[in-house]
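*Asks:* After the structure tokens below, expect a handful of questions from me.
The values are calculated or read from the model by the stated rules, or taken from the named source; none is laboratory data. Everything numeric in this text was worked out from a predicted model, so none of it was measured. With ideal geometry, Cβ positions are generated from the backbone for all residues, glycine too; neighbour counts draw on all protein chains shown.
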Amino acid sequence: MNYRTVIGFGDKNVEYLLQKFDELLREPNMLGIKNAHVSGFYFGYGQCVRFIFIGIVFYISALFIFNEGDDPTDTYIGVYVLFTAALGTGTSLANAPSVSKAKEAAGIIFSIIDEKSDIDTRSDKGIKKITNGAIEFR
């Protein structure tokens, strides 16, 4: 995208810029790997808890059917309801790191939106006509 700008520094400097860019990306890359491991742990934990819970529930329901003489249809309807609840819990736990990142990003964006502007667009004060068209950065 900025190929012309980079080449404008000269062939000799392009290698230096690429090396510097690679060095600057090392820390964010390591942070991304760390966050991926944390997300993977939460996802694996959520899946593990879900399937262990489902296994225990099916085992207990089989005991009720064979030992207590419960109706299999009613028992498995109850198991299905518990299975659906466990599925939702596992999915929610897998997304826990993303939720905290989203809250942090939203806080930054809302602080920018709520920032008081020094320019009042409804005011009649100041110059309204542009004559020169020059832009000055201070």
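*Asks:* Considering only segment 12-27, I want to know if a residue exists there that is in a helix (DSSP H, G or I), within 24 Å of Lys101 (Cα to Cα) and in contact (Cβ under 8 Å) with a residue 60 or more places away in the chain.
*Replies:* Just the residues of segment 12-27 that are in a helix (DSSP H, G or I), to begin with: 12-27.
When the remaining residues are screened for being within 24 Å of Lys101 (Cα to Cα), the result is 24-27.
Cutting the leftovers down to in contact (Cβ under 8 Å) with a residue 60 or more places away in the chain gives us none.
Checking segment 12-27: not a single residue is in a helix (DSSP H, G or I), within 24 Å of Lys101 (Cα to Cα) and in contact (Cβ under 8 Å) with a residue 60 or more places away in the chain.
*Asks:* Would you check if Ile130 is at pLDDT 80 or above and either surrounded by 10 or more Cβ atoms within 10 Å (Cβ to Cβ) or out of contact with any Leu (no Cβ under 8 Å at 6 or more places or on another chain) (or both)?
*Replies:* On the way: at pLDDT 80 or above: no; either surrounded by 10 or more Cβ atoms within 10 Å (Cβ to Cβ) or out of contact with any Leu (no Cβ under 8 Å at 6 or more places or on another chain) (or both): yes.
Judged against the criteria, Ile130 is not a match.
Here's the yes/no breakdown for (1) without any contact (Cβ under 8 Å) to a residue 40 or more places away in the chain; (2) part of a helix (DSSP H, G or I):
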position: Leu31; (1), (2): yes, yes
position: Ser39; (1), (2): no, yes
position: Tyr42; (1), (2): no, yes
position: Gln47; (1), (2): no, yes
position: Leu87; (1), (2): yes, yes
position: Glu115; (1), (2): yes, no
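*Asks:* Could you check segment 86-109 and list, in sequence order, the residues that are loosely packed, with under 13 Cβ neighbours inside 10 Å and over 20 Å from Lys34 (Cα atoms)?
*Replies:* Narrowing segment 86-109 to residues loosely packed, with under 13 Cβ neighbours inside 10 Å: 88, 92, 98-109.
Across segment 86-109, the qualifying residues are Gly88, Ser92, Ala106, Gly107, Ile108, Ile109.
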